[in-house]
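Undergrad: Before I ask anything, let me first share the structure, which is written out below as structure tokens.
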Amino acid sequence: MIDIKSMTYPQLKAFMEGMGEKAFRADQLYAWLHQKLVTSFDDMTNLSRELREQLKQRCTLAGAKVVQQQISQLDGTRKFLMELSDGQRVESVWMQYKHGNSVCVSSQAGCRMGCRFCASTVGGLVRNLTTGEILDQVYEIQRVTGERVSNVILMGIGEPLDNYDNVVRFIRMISGEEGLHISQRNITLSTCGLVERIYDLIREKLTVTLAISLHAPNDALRRRMMPVAERYSIEEIMKACHAYVEQTGRRITFEYTMVEGQNDTPEHARQLCRLLRGLNCHVNLIPLNAVEGRLGTRSKGADIEGFKLLLAKNHTNVTIRRELGSDIDAACGQLRNQNKGGETT
Ligand code: SF4
């Protein structure tokens, strides 16, 4: 079956022409899929019955379906377990902010990066998500909540740049005016730092916010926390970040998970300041959501505050991530790990 939801607008146009249909039929179909977000060909009422039948025979609309939902009683954050057509399960999170609704999506079922504090990598990578499956997480959440999504964060299960083509296509489609038209400036892509792919991303000329999962201010420590640090030094990552800022004019975010006794001392803060000097960036300090069997426990509140203060004194933009949904399974990958029913590995 043809995965019609993953087709870009020009691809869908060519496909419809190949079926002998006029170009405006592709406009109608694309709008049903990517603006009106219908889940059945029967709902596409301005297409002829005959065309709908043909599409049903040849194409699938399968994407992501909510199978479990946790709602925070504290702030309304919702965590969704989504099932894909082959039974794989991923997580997506819906968060409400003053500036609008954000959705954090997964880009892979599992992850092969092996970060030692992360639940999503337990069991490794099963497969990449298709473009349609990444899109459908946002669409499904709009359908379920009835609210418009204005910000998208690629920070769920998986390393987005390890599923490069589908992720870039996702960004183009969700930001395109024929789709939900979410500004690329409201899209954040978080990576553990696959350097060649950052340069590829620069060449795409997108204007998304790049977030680097840094978590350590020196290579020795980073290697202990993240196996990917064996492949790329912090120096290489920083060079790529400077190039990204230069080309896009966008400020970079550095994610820094605070792990007690590992990366949270004043000396680590000073090293981080030296590293980021002169770069248009922002540091997001994340109190660790400890995962059983994974590295470390959360830094003490006073240590996190002290770390932040040191960075701020050194003129580094810094915030402590506001904890949303702290009363639900907040660490990414935990909900999926508890619901392994559909997994093939
Ligand atoms: S933190 Fe991200 S890149 Fe690292 S293992 Fe988890 S999902 Fe993969």
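Undergrad: Could you check L29 against (1) part of a strand (DSSP E or B); (2) open to solvent by less than 20 Å² (accessible area, probe 1.4 Å) and say which number it fails?
TA: Condition (1) is where L29 drops out.
Undergrad: State yes or no: is V90 in a strand (DSSP E or B), within 16 Å of the ligand (Cβ to nearest atom) and over 18 Å from I212 (Cα atoms)?
TA: yes
Undergrad: May I ask you to list pairs of residues, at least six apart or on different chains, whose Cβ atoms are under 8 Å apart, with the first in region 22-47 being of a type in the set (D, E) and the second being surrounded by 16 or more Cβ atoms within 10 Å (Cβ to Cβ) and part of a loop (DSSP other than H, G, I, E, B)?
TA: Here the result reads D27/E178, each pair linking region 22-47 to a residue that is surrounded by 16 or more Cβ atoms within 10 Å (Cβ to Cβ) and part of a loop (DSSP other than H, G, I, E, B).
Undergrad: Give I198, I174, I202 a once-over and let me know the one that is at pLDDT 95 or above, in contact with a Cys (Cβ under 8 Å, 6 or more places away or on another chain) and not in a strand (DSSP E or B).
TA: That would be I198, the only listed residue that is at pLDDT 95 or above, in contact with a Cys (Cβ under 8 Å, 6 or more places away or on another chain) and not in a strand (DSSP E or B).
Undergrad: OK, next. Residues of region 38-87 being farther than 28 Å from N337 by Cβ and acidic (D, E), which ones?
TA: Selection gives D42, D43, E50, E53.
Undergrad: Show the residue pairs that are 6+ apart or on different chains and have beta-carbon atoms under 8 Å apart, the first residue being within region 217-229 and part of a helix (DSSP H, G or I), the second being among the basic types (K, R) and away from the ligand (no atom under 11 Å from the Cβ).
TA: A229/R222; A229/R223
Undergrad: If I ask for residues that are open to solvent by less than 30 Å² (accessible area, probe 1.4 Å), part of a loop (DSSP other than H, G, I, E, B), at negative phi and not hydrophobic (A, V, I, L, M, F, W, C), which ones from region 107-149 would you list?
TA: Passing the criteria: S107, S120, T121.
So that you can scan it fast, the table gives a plain yes or no per residue for (1) crowded, with 21+ Cβ neighbours inside 10 Å; (2) closer than 27 Å to G325 by Cβ; (3) not assigned by TED's automatic domain parsing to the domain that holds G123:
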| residue | (1), (2), (3) |
| --- | --- |
| G261 | no, yes, no |
| L276 | yes, no, no |
| N284 | no, yes, no |
| L288 | yes, yes, no |
| R294 | no, yes, no |
| G301 | no, yes, no |
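Undergrad: Only one residue in R148, R127 is among the basic types (K, R), within 16 Å of the ligand (Cβ to nearest atom) and assigned by TED's automatic domain parsing to the domain that holds R222. Which one?
TA: Exactly one of R148, R127 is among the basic types (K, R), within 16 Å of the ligand (Cβ to nearest atom) and assigned by TED's automatic domain parsing to the domain that holds R222, namely R127.
The values are calculated or read from the model by the stated rules, or taken from the named source; none is laboratory data. The shown structure was predicted, so the numbers you read here are calculated from the model rather than taken from an experiment. Heads up, the Cβs are rebuilt from the backbone with ideal geometry, glycines too, and the neighbour counts pull from every protein chain shown. The area values use the complete protein model at the heavy-atom level, side chains included, leaving out ligands, DNA and RNA. Shrake-Rupley method; radii C 1.70, N 1.55, O 1.52, S 1.80 Å.
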